[in-house]
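Have a look at the structure below before the remarks.
The values are calculated or read from the model by the stated rules, or taken from the named source; none is laboratory data. Not measured: the values here are computed from a predicted model. Neighbour counts run over all protein chains shown; Cβ positions are idealised from the backbone, glycine included.
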Amino acid sequence: MKRVLITGANSYIGMSFEKWMAKMHPGEFEIDTVDMVGDGWREKDFAGYDVVFHVAGIAHADVGHVTEEQKELYYKVNCGLAVETAEKAKDSGVRQFIFMSSMIVYGKSGNLGKKKVIKQDTKPHPANFYGDSKWQADKKVRGFNDDDFHVAVLRPPMIYGKGSKGNYPVLAKLAKLIPVFPDIENERSMLHIDNLCEFLFLLICSGESGIYFPQNTEYVKTSEMVKEISDCIGHKIWFTKLLNPFVYVAGKIPGKVSGMVDKAFGNLVYEKSMSESFAGKYQLKNLRESVRATEGKNQG
């Protein structure tokens, strides 16, 4: 039985992984969690753990409304803490270190109507301090990798699931309230939390190192996801291209408005061949199944 230490208490991903293992793979791993707030974690003995799974970090913020002190905190937590944790894990004889990086290291999504496909040879190019704080950590923790210490870095797209934060709850709220929605053609790579948790299980079983790009089997069109949510809760929405010209006009308004349009209807995908690790065995839920699970309509 492998012993796994999750560094970061009360994180959505960490808690979801613990629950997934207890439900789907009971008895496979012994999992502990250590709170990384403050200095107490430095007294934690990492010796005896096979894997350290580092999820501690500061999530994405409104990058246009932060102070220099807040930016410094992002680098301290998202980068400095990750590097210190990796170093401690290596010095303690841990065999595998898993770091949650992000698709954000490749910058913003493509503008409305413009495709953006990330390929194996695409170079990371963060668009803001948040993305750069993750990118700096991404690079530095991989520097610890050797034959005895396997560093695995995950760069997932937007993660969603029951209880998640971010863009999905916003879409879900809209899907439950509005009567009409634009039918814009766009594509997004996304990752349901159950698919991520199964990926983590397989990665830990393998003990491998490397850079990984887990994603759902399907790309997601924003209007299709809204439709799945509305269908799931029994709310009727009319999807129409008649609204599309208004969306395109809004997408040309400089500043926050165009940013919101790109976030909702922009394009950003990983080339699918990048996500075939473990023969796709982790992609357990398709879009419809994942939405039903997220909305509490599926116990599977």
Worksheet item: Within region 227-242, is even one residue modelled with pLDDT of 95 or more and within 16 Å of the chain's Cα centre (by Cα)?
Response: no
Worksheet entry | Complete set of residues in region 23-57 that are assigned to a loop (DSSP other than H, G, I, E, B), charged (D, E, K, R) and loosely packed, with under 13 Cβ neighbours inside 10 Å | 39, 45
Worksheet item: in contact with a Leu (Cβ under 7 Å, 6 or more places away or on another chain) and assigned to a helix (DSSP H, G or I), is that true of residue 17?
Response: yes
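Within region 65-117, how many residues are assigned to a strand (DSSP E or B) and modelled with pLDDT under 95? Spell out how you get there, then give the answer.
Narrowing region 65-117 to residues assigned to a strand (DSSP E or B): 96-100, 110, 117.
Still in the list and also modelled with pLDDT under 95: 110.
The qualifying residues number 1.
So which strands (runs of 3 or more DSSP E) are wholly in region 170-223 and hold at least 1 residues that are among the small types (Gly, Ala, Ser), in contact (Cβ under 8 Å) with a residue 12 or more places away in the chain and surrounded by fewer than 19 Cβ atoms within 10 Å (Cβ to Cβ)?
Working: elements: 180-182, 190-192, 210-212.
Counting at least 1 such residues, we get 210-212.
To keep it simple, each residue is scored yes or no on (1) in contact (Cβ under 8 Å) with a residue 24 or more places away in the chain; (2) closer than 30 Å to residue 225 by Cα; (3) out of contact with any Cys (no Cβ under 6 Å at 6 or more places or on another chain); (4) surrounded by 17 or more Cβ atoms within 10 Å (Cβ to Cβ).
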| residue | (1), (2), (3), (4) |
| --- | --- |
| 113 | yes, yes, yes, no |
| 130 | yes, yes, yes, yes |
| 150 | yes, no, yes, yes |
| 165 | yes, yes, yes, no |
Discussion item. Being of a type in the set (A, V, I, L, M), under 20 Å from residue 9 (Cα atoms) and surrounded by fewer than 18 Cβ atoms within 10 Å (Cβ to Cβ): is that true of residue 98 here?
Written reply: no
Item to complete: Under 9 Å between Cβ atoms, at least 6 apart or on separate chains: pull out the pairs that start in region 5-18 with a residue that is in contact (Cβ under 8 Å) with a residue 24 or more places away in the chain and on the phi > 0 side of the Ramachandran plot and end on any residue that is in a helix (DSSP H, G or I) and among the β-branched types (Val, Ile, Thr).
Response: none
